[in-house]
Amino acid sequence: MLRRVEISAALLIDPVHRSIAHNLYWNDKVELSLDCFICERTGRTTILQRGAERAVCTADEEHGEHYSAVQITAFDHTQGSQSLSLRVLVDFWWAPFHDAKRDQRAMAPSTIPWVRLHLGSYCPEAGQAGQNSIQTNLVRPAGLVCEHCDQTLAVSAEAPRIHVLN
């Protein structure tokens, strides 16, 4: 059956910390925990790329990475003077199964939903691009720091939210 989840996140930006000068932006890559009916394993990290027709399930050593019927169908972001927000819709195919290795029944989405959202930036001091990410299981508040000049770019005060829409 076709399932849909909405992922939303917001970061607090302090202009004093020069995040605007760093051109902080949401990256097209999203990692989401899903139960995969293809490899029949629960809690697999699925790597999605905006615009891709399918995602990659990381599976495990036994099964190896494989393609999965998961796709980003909407990627909406806004930037205000003090915030940076993101809303992502993800559609995925799911069928019931039993994970024999963990002896548990699959859920749609997984019983412990987890997401990692990636961000990019450009450090004007170093003249180089940078990368950052936030995820649901960080201790909050969590600061995002430029890897080149150690300036705080933004603060993640709340964990990204995952809502099952159908």
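Among the residues of segment 66-78, is there at least one that is assigned to a strand (DSSP E or B), open to solvent by 50 Å² or more (accessible area, probe 1.4 Å), under 22 Å from GLY130 (Cα atoms) and in contact (Cβ under 8 Å) with a residue 24 or more places away in the chain? Scanning segment 66-78, I find at least one residue that is assigned to a strand (DSSP E or B), open to solvent by 50 Å² or more (accessible area, probe 1.4 Å), under 22 Å from GLY130 (Cα atoms) and in contact (Cβ under 8 Å) with a residue 24 or more places away in the chain, so the answer is yes.
Regarding ALA159, is this residue at pLDDT 90 or above and either hydrophobic (A, V, I, L, M, F, W, C) or within 20 Å of ARG44 (Cβ to Cβ) (or both)? Yes. Residue count for segment 79-105 under the criterion of being closer than 14 Å to ARG3 by Cα and open to solvent by 90 Å² or more (accessible area, probe 1.4 Å): the result is 2.
Does GLU61 fit the bill of being out of contact with any His (no Cβ under 7 Å at 6 or more places or on another chain), open to solvent by 20 Å² or more (accessible area, probe 1.4 Å) and modelled with pLDDT of 95 or more? It is false that GLU61 is out of contact with any His (no Cβ under 7 Å at 6 or more places or on another chain), open to solvent by 20 Å² or more (accessible area, probe 1.4 Å) and modelled with pLDDT of 95 or more. Name the single residue, out of those in segment 142-158 being assigned to a loop (DSSP other than H, G, I, E, B) and touching a residue at least 60 places away in the same chain (Cβ under 8 Å), that is least open to solvent (accessible area, probe 1.4 Å). Here the answer is CYS146. Considered as a group, the residues in segment 6-32 that are at pLDDT 95 or above and aliphatic (A, V, I, L, M) include one that is most open to solvent (accessible area, probe 1.4 Å), and that residue is ALA10. Quickly run through segment 106-132 and pick out the residues that are outside any loop (DSSP other than H, G, I, E, B), in contact (Cβ under 8 Å) with a residue 40 or more places away in the chain and either among the β-branched types (Val, Ile, Thr) or open to solvent by 40 Å² or more (accessible area, probe 1.4 Å) (or both). Residues satisfying the conditions are VAL115, ARG116, TYR122, GLN131. Exactly one residue out of SER85, SER81, SER33 is of a type in the set (Ser, Thr, Tyr) and touching a Gly at 6+ places or on another chain (Cβ under 6 Å), and it is SER33. Within segment 115-139, the only residue that satisfies the criterion of being modelled with pLDDT under 95, closer than 16 Å to SER8 by Cα and either hydrophobic (A, V, I, L, M, F, W, C) or touching a strand residue (DSSP E or B) at 6+ places or on another chain (Cβ under 7 Å) (or both) is LEU138. Quick check: is even one residue across segment 33-41 modelled with pLDDT of 90 or more, outside any loop (DSSP other than H, G, I, E, B) and open to solvent by 70 Å² or more (accessible area, probe 1.4 Å)? Checking segment 33-41: not a single residue is modelled with pLDDT of 90 or more, outside any loop (DSSP other than H, G, I, E, B) and open to solvent by 70 Å² or more (accessible area, probe 1.4 Å).
The values are calculated or read from the model by the stated rules, or taken from the named source; none is laboratory data. Not measured: the values here are computed from a predicted model. Glycine also receives a Cβ, built like all others from the backbone with ideal geometry; neighbour counts cover every protein chain displayed. With ligands, DNA and RNA removed, areas are computed over all heavy atoms of the protein, side chains included. Shrake-Rupley method; radii C 1.70, N 1.55, O 1.52, S 1.80 Å.
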